[in-house]
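Only one structure is covered here, and it is reproduced in the block below.
The values are calculated or read from the model by the stated rules, or taken from the named source; none is laboratory data. Fair warning: this is a prediction, and the values are worked out from it, not measured in the lab. Every residue, glycine among them, receives a Cβ derived from its backbone with ideal geometry; neighbour counts consider all protein chains shown. For accessibility, only protein heavy atoms count, side chains too; no ligands or nucleic acids. Shrake-Rupley method; radii C 1.70, N 1.55, O 1.52, S 1.80 Å.
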Amino acid sequence: MRLRGCRQDEYMLTVQAAERKEYWQNVKAQMQSVDDLTPRQLEILTLIGQGLSTAEIASRLHRTTKTIESHRLTLGKKLGARNRVELALIAINAGLVDRRPGDAEPASDSAQSLRAGLTENGEAERALRAIDAATATTTGRAFFSALASQLAIVFDARCAYISRLDESGILRSIAAWSPQGPIPEIAYRFAGSPCEGVERAEVRRYTSGIRQMFPDLEFLAEYDADGMLITPLYDSHGVRLGTIAVVHNGELDDRLHPRTLLRIFAGRAASELERLQREAALQESEERYRLLAEHSSDLVTRCTRAAEFSYVSPSCRELLGYGSDDMVGRSIYSFAPAEDQPKIREAHRSILYECERATVVHRFQRYDGTLRWFETNLRANRNDTSGEVEWISGASRDITKRIAAEERCRRGDRLLSEAERIANLGSWQWDLQTRQAYWSDETFRIFGLRPQSFEPSFECSFKQIHPEDRERVEAAMDRTLKTGERYDVRLRIVRPDGEIREVHEQAVATRDDDGNVTSLTGTIHDLTESTRTEKALRDSEAMLRRAQAVAGIGSWHLDIRRDELTWSDETYHLFGIPVGTPLTYEQFLSRVHPEDRTIVNDAWKAALRGEPYNIEHRILVLGEVKWVRELAELEFSRDGEPVSAIGTVQDITERKASDERLRRKKTMLTQAERIAGIGSWELDIASGLVHASDQLCRMLGAAPNLFPCPFDALIDRTVHEEDQASLRQSIRRCMESGGRFEMHARTVRPDGEVRTIQCVGEAIYDASEQKWRILGINRDITDHGADESP
């Protein structure tokens, strides 16, 4: 009796603490807020008051557990309740436990009796408030300890315990109390225990004989217990978590409505146990996450909803040059270049509001200022209750080398495509097993088709082969497919617009282990333009050879670095050497006339220094002496070294002979004029210029550089002023009417001496009978008398 009195005293003290004035003020405010609830919220609050768990309410109302949990959170905010126990108490105080919502089952008898009991003496209400007051501000193991101790005290039981069902099927107490205090762990196998037959949302009550029913439960004898009140605990997904039980010896006080009280707090205990398990799983996951992150070569991060790093793996030091502490608390955008921030921001926004995962390729700026490419995979981590994103995990892999390789590949593709376009060379592949074909863009263009405009095939290319070439091409292809030998054929194709093109196709075969041809890889080269160019070049070369032969001009090229001399056919002919004979500069020099070799070699050395190479010299051809003229242009490297030379050689033997004959004639004419005392002149009618022989210059006392001289200026300078008019008149008459003129006139030499000359001239006509010059001679007759005729 002493012990029982002690327990009653503790119970009364707890009840008194719960009946504070502030408590009743809060209850009054909560009751007023109940009137503002929607029908659905009233329905859910009623079911909470009846002790149903979240999963049970979701099943009853045909809703998801997340929806019910969202309603529960909203109810807590509206009513100022911190947990489902306070919500149950509000439902009881508001008289909702008797309600029968449209789609809810009738309230249980225990709930009705509890309400009746509350009306009669308030024992159950005081018990509920006492337990609530002890557990309202606690969580975790402290909550379970407070709940177990209060249940043991309220029901004056031998003990009360909350147990968890582990993976091996053992129920182990996480809190066990007697009215005297905590007791050691209670553990027993679930199978065959009083808990095994208890269904969900059921409270099983054994009033006596429990030790005989379950002799293996040693703790029942230890605590001299013969009765048990027990209910299972389930998580929000309907998975059994454990048990909450009150062990007693004798009848429980029904005024306390033990079934309803136990169901009410079973829901809270199940929620707390599920939360602890989630936290444990989260902690284990966190530990695994950190273990992987700490040893990962990738950059593993966590970001807040505001895109600030809350965790950065140690690999950041190697990847970015920053320490983890340098990055935590800073925005992800502070490490990305401005041009990459919009796509990172878009990926972050989509994670928050649209999808669970996102991938973004971007750059991070290292500590040293350099940029590195990363591929970041983002994943949303949501709150199990609200569904909102709490944080975002990320894994960033350095793909700088991959990006560079892809860029090299793209650049290679562009270069290959451009090279194919320039060379008019397309590539193709034909898989014989799948009958699929691949054409490069240039292959489409060669066939006169828009690149990648359709799925190509061997058949479509065969249709464009010129009808006259099909049989030959088909035979070559069959031979390749049977033997695997190289496919090499020139053919014509007909484009859709009717244009005929000449192409060259080549291909190599790929074989399987049995030697069968499985695919062909080849090229198609458009030869149309090159064939035309080659023909034009051949025609041009032929014309050049003919022109060089006609003009007696040859060409040559000298590779100075290699000392390789190349001659055209006409150059070989000029030097009397068989066409195609290998030559060097020294061999060329050996063909130069011995007396001219030094001159030629000096001129060539000067050309190597950048001076013009323009020289005439003699060569020996089969013992005969020929004259040639050589012109050359040299190419120099950037450092001024001569690289090559290209030039011409012209046979000027006839010209040299003609020049010699002309020189001799001129010499003879000059001598004849001197002996005869005459000088010759020519008046170009078109230009009005007078040309004179050297003898005429001496006759007039004029310097040779006076000529050519304008006609009027010559008259003014050399003819006596009294004879100028008549001489002009005679010459103009000859210019106008043609024929011949003759007259005497006086000339005045520069020293003032006056001489009399006989001037004779004759008009010369061209083929169209147009006068174009007057030829004449002057004879000094000063010493012969004025009447002497020529």
| query | Inside region 161-179, can you point out the residues that are loosely packed, with under 12 Cβ neighbours inside 10 Å and on the phi < 0 side of the Ramachandran plot? | reply | 167, 168
| request: Within region 485-537, track down each residue that is more than 19 Å from residue 471 (Cβ to Cβ), part of a strand (DSSP E or B), charged (D, E, K, R) and open to solvent by 50 Å² or more (accessible area, probe 1.4 Å). | output: 511
| task | Please state which one of 196, 185, 202 is modelled with pLDDT of 85 or more, assigned to a loop (DSSP other than H, G, I, E, B) and open to solvent by 20 Å² or more (accessible area, probe 1.4 Å). | result | 185
| query | Pick from region 173-231 the residues that are polar (S, T, N, Q) and touching a Leu at 6+ places or on another chain (Cβ under 7 Å): which of them is nearest to residue 141 (Cα to Cα)? | reply | 231
| request: Search region 697-722 for residues that are among the β-branched types (Val, Ile, Thr) and pair each with any residue that is open to solvent by less than 40 Å² (accessible area, probe 1.4 Å) and in a loop (DSSP other than H, G, I, E, B) when their beta-carbon atoms are under 7 Å apart and the residues are at least 6 apart or on different chains. | output: 718/702
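Conditions (1) touching a helix residue (DSSP H, G or I) at 6+ places or on another chain (Cβ under 9 Å); (2) not β-branched (Val, Ile, Thr), marked per residue:
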{"position": "344", "(1), (2)": "yes, no"}
{"position": "348", "(1), (2)": "yes, yes"}
{"position": "358", "(1), (2)": "yes, yes"}
{"position": "365", "(1), (2)": "yes, yes"}
{"position": "377", "(1), (2)": "no, yes"}
{"position": "380", "(1), (2)": "yes, yes"}
{"position": "405", "(1), (2)": "no, yes"}
{"position": "409", "(1), (2)": "no, yes"}
| Across region 218-231, what is the number of residues that are open to solvent by 10 Å² or more (accessible area, probe 1.4 Å) and either touching a helix residue (DSSP H, G or I) at 6+ places or on another chain (Cβ under 8 Å) or among the hydroxyl-bearing types (Ser, Thr, Tyr) (or both)? | 3
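Of the residues 696, 683, 706, only one is closer than 21 Å to residue 666 by Cβ, open to solvent by less than 70 Å² (accessible area, probe 1.4 Å) and modelled with pLDDT of 85 or more; which? Outline the logic, then answer.
Numbers: 696 fails: modelled with pLDDT of 85 or more; 706 fails: modelled with pLDDT of 85 or more.
Of the residues listed, the single one that is closer than 21 Å to residue 666 by Cβ, open to solvent by less than 70 Å² (accessible area, probe 1.4 Å) and modelled with pLDDT of 85 or more is 683.
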| Residues satisfying the stated conditions in region 573-599, i.e. open to solvent by 30 Å² or more (accessible area, probe 1.4 Å) and either of a type in the set (Val, Ile, Thr) or in contact with a Pro (Cβ under 9 Å, 6 or more places away or on another chain) (or both) | 579, 581, 584, 598, 599
| message | Looking only at residues that are under 16 Å from residue 508 (Cα atoms) and touching a Leu at 6+ places or on another chain (Cβ under 9 Å) in region 411-438, which one is most open to solvent (accessible area, probe 1.4 Å)? | response | 429
| said: Give all pairs with beta carbons closer than 6 Å in which a residue from region 402-418 that is among the hydrophobic types (A, V, I, L, M, F, W, C) meets a residue that is open to solvent by less than 100 Å² (accessible area, probe 1.4 Å); count only pairs at least 6 apart in sequence or on separate chains. | reply: 403/373
| remark: Filtering region 625-654 for residues that are in contact (Cβ under 8 Å) with a residue 12 or more places away in the chain, exposed (fewer than 15 other Cβ atoms within 10 Å of the Cβ) and either over 22 Å from residue 563 (Cα atoms) or in contact with a Leu (Cβ under 7 Å, 6 or more places away or on another chain) (or both) leaves a count of 1
| request: State whether one or more residues within region 127-136 are of a type outside the set (A, V, I, L, M, F, W, C) and modelled with pLDDT under 50. | output: no
| query | Under the condition of being hydrophobic (A, V, I, L, M, F, W, C) and touching a Phe, Trp or Tyr at 6+ places or on another chain (Cβ under 6 Å), which residue from region 321-334 is surrounded by the most Cβ atoms within 10 Å (Cβ to Cβ)? | reply | 327
| remark: Of the listed residues (393, 350), the one being of a type in the set (Gly, Ala, Ser), open to solvent by less than 20 Å² (accessible area, probe 1.4 Å) and part of a helix (DSSP H, G or I) is 350
